[in-house]
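Asker: To start, I am sharing the structure in question, which I have written as structure tokens.
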Amino acid sequence: MPPEGEPRFLTKFAFRIRTRTGTPVENLLVQAADRAQAERRITQMYPYCEIVECRELTATPRDEAASLDSILSIIARDDPAPR
């Protein structure tokens, strides 16, 4: 369980930055509770960088039960090849 007051789920953020030497870095992925926390993590890893772009990546929920059902149906259909 997360500590009191902290969100239970993290969100992924994709950043495009320019380092202090001017080198562009694209597609930096960070998981954080919110955008402010994600930006803090980026600036900790890349001091004095310029954040050019930040996108919140949304995950599509997976239906685990349907996935398991599809695997079981594949296994059930798998007949040994005739010899």
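Asker: Can you compute the modelled spin-label distance between F9 and D69, with each label point 7 Å from Cα toward Cβ, in nm?
Answerer: 2.2
Asker: Moving on to the next point. What does the extension gain come out to for R40 and R77, with contour length at 0.36 nm per residue minus their alpha carbon separation? Don't skip to the answer; put the middle values down first.
Answerer: Numbers: separation 37, 0.36 × 37 = 13.32 nm, distance 5.13 nm.
So the chain would gain 8.2 nm between R40 and R77.
Asker: Ignoring ligands and nucleic acids, what accessible area does R41 show with a 1.4 Å probe (Å², nearest 10)?
Answerer: 90
The values are calculated or read from the model by the stated rules, or taken from the named source; none is laboratory data. Predicted, not measured: the structure shown is a model, and the values here were computed from it. Heads up, the Cβs are rebuilt from the backbone with ideal geometry, glycines too, and the neighbour counts pull from every protein chain shown. These accessible areas exclude ligands, DNA and RNA; they are computed on the full protein's heavy atoms, side chains included. Shrake-Rupley method; radii C 1.70, N 1.55, O 1.52, S 1.80 Å.
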